[in-house]
Amino acid sequence: MSLLDGLRVLTFEQFGAGPYGSMFLADLGAEVIKVENAATGGDASRHMGPHLLGENDSQYFQTFNLNKKSVALDVKTPEGRAALLRLAGSADAVLNNLRGDQPEKLGIDYAGLRAANPRIVCLHISAYGRDNGRKSWPGYDFLMQAEAGLMSLTGEPDGPPSRMGVSMIDFMTGMTGVTGLLAAVIRARATGQGCDVDTSLFDVALHQLTYPGTWHLNEGEVASRLPRGAHLARTPVQTLRTADGWIFVGCMMDKFWDALLDGLGRPDLAADPRFATAAARRDHRDALTALLDEAFAAKPTAAWLAILAGRLPVAPVHDVAQALANPFVAEVGMIARVPHPARPDLRLLANPLKIDGRRPGQAACSALGADGGLLAEAAPAAAPAPAPAPAPAERVA
């Protein structure tokens, strides 16, 4: 039995934040039903090129929607609204990542659904929230990285502000939202009382300021970008040049600094007063970087990994192709073959969770509206039927 057997979640979602979070629910056994409007092509990411999978599907879409079902429904029509209420009657939760003013208009908030199911939990993932002057504003991940100060901490000091290479705020917001959803469902099952749960891209982005935010709120310190992707408080925690590329070294603790000096054959640096303590190393970061670059330039990255790996935190700096070809990725089973009608050999990243040593199974998301039989459910069920567990995806190198 999967962990979330018997959990039914309806979703009004597209692109990243909502689909990423709800996919974890689906991977863990929940029955996740995407409510899509066939007239508009469903989830907009179904048409996200350049790598399409036939009509109304794409590799981008499948990346965020494995193990999900799909029904085609226009909830703005009386027939669509009636069908939604029948589905909601047997659901534990409804999730959306629409603009903040849309859930109330569409009647997919708790006020709009509680008559059909008083224990339903309604998760709202929006750009800026539903209770402020920006509730009607559209917004995406990269805007949040900009306004929340994260771009000011990313990139080299002499370059322009930079965003993270992928939409991490989307993904963090999705996971934050489903954490709240699951907590509220636990309460609803115990008390019969559902509720609204809200999170926003902006709130989550600001929350990611973490300790630099705390330092500014209490000490007035304004953190800024450091060379080499360096940590704000500890050094050396940064990239260093090798004979053939780059390596990332993470000496967050004194014992790792000692191990680094031993591996480099440079015990003399320990006696240098500029580097004798963590505070001193931070204050003399540039001088230390120059000395470490000189030392690391003597050997290629692979040679340094052979010397240092396992003794201190250290990693090669890979591009996407190198990262996926890494033998360790195959060893841990992080790539799976998930057959798709248009691409039987489709490969995707596996779920990063393991339950009793096994990663959750993965199956391609249903075609747009393929699970229309669910709309024929006659009446609310006292408890949702368990969703069938997907067959384990084949692990591939």
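The values are calculated or read from the model by the stated rules, or taken from the named source; none is laboratory data. Because the structure is a prediction, the values reported are computed rather than measured. Ideal geometry is used to build each Cβ from the backbone, glycine not excepted, and the neighbour counts take in all protein chains shown. To get the accessible areas, we keep the full protein, side chains included, count just its heavy atoms, and leave off ligands, DNA and RNA. Shrake-Rupley method; radii C 1.70, N 1.55, O 1.52, S 1.80 Å.
The residues of region 143-161 that are among the hydroxyl-bearing types (Ser, Thr, Tyr) and either open to solvent by 50 Å² or more (accessible area, probe 1.4 Å) or free of Cβ contacts under 8 Å to residues at least 60 places away in the same chain (or both) amount to a single one, Ser152. None of Gln208, Gln238 is out of contact with any Cys (no Cβ under 6 Å at 6 or more places or on another chain), closer than 30 Å to Asp141 by Cβ, open to solvent by less than 20 Å² (accessible area, probe 1.4 Å) and not aliphatic (A, V, I, L, M) except Gln238. Among the conditions (1) touching a helix residue (DSSP H, G or I) at 6+ places or on another chain (Cβ under 7 Å); (2) farther than 30 Å from Asn67 by Cβ; (3) surrounded by 17 or more Cβ atoms within 10 Å (Cβ to Cβ), the only one that His340 does not satisfy is (2). Inspect all residues belonging to region 36-46 and state whether any of them is open to solvent by 50 Å² or more (accessible area, probe 1.4 Å) and modelled with pLDDT of 95 or more. No, that holds for no residue. Listed by first and then second residue, the pairs linking a residue in region 60-81 that is farther than 16 Å from Ala38 by Cβ to a residue that is among the hydroxyl-bearing types (Ser, Thr, Tyr), with Cβ atoms under 6 Å apart and 6 or more places separating them unless they lie on different chains, are Tyr60/Ser45; Phe64/Tyr20. For the criterion of being more than 30 Å from Gly112 (Cβ to Cβ), exposed (fewer than 15 other Cβ atoms within 10 Å of the Cβ), over 27 Å from the mean Cα position of the chain (by Cα) and not acidic (Asp, Glu), Pro267 passes. Against the test of being in contact with a helix residue (DSSP H, G or I) (Cβ under 7 Å, 6 or more places away or on another chain), open to solvent by 10 Å² or more (accessible area, probe 1.4 Å) and within 24 Å of Thr176 (Cβ to Cβ), the options Tyr60, Tyr110 yield a single qualifying residue, Tyr60. Taking region 82-110 as the range and being free of Cβ contacts under 8 Å to residues at least 24 places away in the same chain and of a type in the set (D, E, K, R) as the test, only Lys105 passes.
Which one of these is in contact with a helix residue (DSSP H, G or I) (Cβ under 7 Å, 6 or more places away or on another chain), in contact (Cβ under 8 Å) with a residue 40 or more places away in the chain and either under 15 Å from Gln362 (Cα atoms) or buried (at least 24 other Cβ atoms within 10 Å of the Cβ) (or both): Leu25, Leu3? Break it down stepwise before answering.
Details: Leu3 fails: in contact with a helix residue (DSSP H, G or I) (Cβ under 7 Å, 6 or more places away or on another chain).
Going through Leu25, Leu3 in turn, just one is in contact with a helix residue (DSSP H, G or I) (Cβ under 7 Å, 6 or more places away or on another chain), in contact (Cβ under 8 Å) with a residue 40 or more places away in the chain and either under 15 Å from Gln362 (Cα atoms) or buried (at least 24 other Cβ atoms within 10 Å of the Cβ) (or both): Leu25.
With Leu98, Leu123 as the choices, which residue is assigned to a loop (DSSP other than H, G, I, E, B), among the aliphatic types (A, V, I, L, M), under 20 Å from Tyr20 (Cβ atoms) and within 24 Å of the chain's Cα centre (by Cα)? None of the others qualify; the one that does is Leu98. Take the conditions (1) in contact with a helix residue (DSSP H, G or I) (Cβ under 9 Å, 6 or more places away or on another chain); (2) open to solvent by 40 Å² or more (accessible area, probe 1.4 Å); (3) of a type outside the set (Gly, Ala, Ser); (4) more than 21 Å from Asp109 (Cα to Cα); Glu219 misses just one of them, which is (1).
From the list Pro352, Pro390, pick out the single residue that is modelled with pLDDT under 95, part of a loop (DSSP other than H, G, I, E, B) and not small (Gly, Ala, Ser).
Pro390 is the lone residue from the list that is modelled with pLDDT under 95, part of a loop (DSSP other than H, G, I, E, B) and not small (Gly, Ala, Ser).
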